Amino acid sequence: MENAHNNTAASGMGSKEFTLLVALLMSITAISIDALLPALGIIGNELNAATANQPQLLISMLFLGLAVGQLICGPLSDALGRRPILFGGFALYLVGTVICYQADSLEILMLGRFIQGLGVAGPYISAISLVRDLYHGAQMARIMSLVMMIFVLVPAIAPALGQAILFVSYCRGILRLTLSHPIIVMIWIGWRMKNTPPKY
């Protein structure tokens with residue numbers, strides 16, 4: 001009981017709210033990848049893709065950015081604490097999303113997706129680190145299992161969500177989702193979550 005109280009005091013929120021927030025942090029990655037899948041064909045036609053498969057590079061570029069970003073964000077998160085990496089990653093992700101939104105060629109869109117991947121590495125790395133910072137043993141296992149359950153469900157839901165957006169909007173409607181979702185999470189973190197100490 002005392003350990004749970006200490007964790008609540010350290011994070012600034014209760015375990016249920018913390019679990020939901022961490023799940024939302026990790027879901028940014030899945031939504032960024034999977035919500036765009038139903039629009040790849042439309043994007044290819046609109047931006048005059050050389051081949052039908054070329055728009056699939058938009059997924060690969062985000063994965064590439066994520067892989068590179070994790071190599072950078074991991075050590076920085078340990079050295080500086082979680083919040084700076086979270087907010088820095090959010091800012092870079094939003095820059096990439098704006099580039100995607102304004103792109104008039106497939107090459108510019110791929111650049112934006114790579115920057116999105118670099119940025120989303122911050123929330124992805126920090127989400128896991130936050131759980132390890134604040135919880136241990138059975139509590140950590142329980143929270144991580146709940147977070148991963150939500151994380152696994154999002155890729156199943158995100159393509160349907162992207163398709164629903166296409167029915168009422170256009171491809172840029174999906175980009176509005178990838179813009180608004182992290183902004184809401186970022187405001188929530190800034191309001192409710194305290195920083196955790198750097199790990200050396």
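The values are calculated or read from the model by the stated rules, or taken from the named source; none is laboratory data. The shown structure was predicted, so the numbers you read here are calculated from the model rather than taken from an experiment. Methodologically, a virtual Cβ is constructed for each residue, glycine included, from the backbone with ideal geometry; neighbour enumeration extends over all protein chains shown. These accessible areas exclude ligands, DNA and RNA; they are computed on the full protein's heavy atoms, side chains included. Shrake-Rupley method; radii C 1.70, N 1.55, O 1.52, S 1.80 Å.
Report whether or not I187 is part of a helix (DSSP H, G or I) and at pLDDT below 85. Reasoning before the result, please.
Values: part of a helix (DSSP H, G or I): yes; at pLDDT below 85: no.
Taking the combined requirement at face value, the residue does not satisfy it.
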May I ask you to verify whether D104 is acidic (D, E) and surrounded by fewer than 16 Cβ atoms within 10 Å (Cβ to Cβ)? yes
Do we find that Q139 is in contact with a helix residue (DSSP H, G or I) (Cβ under 6 Å, 6 or more places away or on another chain) and of a type outside the set (S, T, Y) in this structure? no
Considering only the range 128-139, how many residues are part of a helix (DSSP H, G or I), closer than 23 Å to A79 by Cα and open to solvent by less than 60 Å² (accessible area, probe 1.4 Å)? 6
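Test P159 against the stated conditions and say whether it is touching a residue at least 24 places away in the same chain (Cβ under 8 Å), touching a Leu at 6+ places or on another chain (Cβ under 7 Å), farther than 16 Å from L24 by Cβ and open to solvent by less than 70 Å² (accessible area, probe 1.4 Å). Break it down into steps so the answer makes sense when it comes.
Details: touching a residue at least 24 places away in the same chain (Cβ under 8 Å): yes; touching a Leu at 6+ places or on another chain (Cβ under 7 Å): yes; farther than 16 Å from L24 by Cβ: yes; open to solvent by less than 70 Å² (accessible area, probe 1.4 Å): yes.
Judged against the criteria, P159 is a match.
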Quick one: count up the residues across the range 69-90 that are open to solvent by less than 50 Å² (accessible area, probe 1.4 Å) and in contact with a helix residue (DSSP H, G or I) (Cβ under 8 Å, 6 or more places away or on another chain). 10
Between a first residue in the range 86-105 that is at pLDDT below 90 and a second residue that is hydroxyl-bearing (S, T, Y) and open to solvent by less than 10 Å² (accessible area, probe 1.4 Å), which pairs have beta carbons less than 7 Å apart while being 6 or more apart in sequence or on different chains? L86/S126
Is it the case that some residue within the range 116-127 is in a helix (DSSP H, G or I), touching a residue at least 12 places away in the same chain (Cβ under 8 Å), farther than 19 Å from A67 by Cβ and open to solvent by 30 Å² or more (accessible area, probe 1.4 Å)? no
Out of (1) open to solvent by less than 30 Å² (accessible area, probe 1.4 Å); (2) within 25 Å of V22 (Cβ to Cβ), the odd one out for I150 is which? (1)
Quick check on the range 60-76: of everything there that is within 18 Å of the chain's Cα centre (by Cα) and without any contact (Cβ under 8 Å) to a residue 40 or more places away in the chain, which residue is farthest from R172 (Cα to Cα)? L76
Determine which member of the set I157, I143, I165 is assigned to a helix (DSSP H, G or I) and within 24 Å of L106 (Cβ to Cβ). I165
Please verify whether the range 31-46 includes one or more residues that are in contact with a helix residue (DSSP H, G or I) (Cβ under 6 Å, 6 or more places away or on another chain) and without any contact (Cβ under 8 Å) to a residue 60 or more places away in the chain. yes
If we ask which residues in the range 78-106 are more than 16 Å from the chain's Cα centre (by Cα) and either under 15 Å from Y124 (Cβ atoms) or assigned to a helix (DSSP H, G or I) (or both), their number turns out to be 7
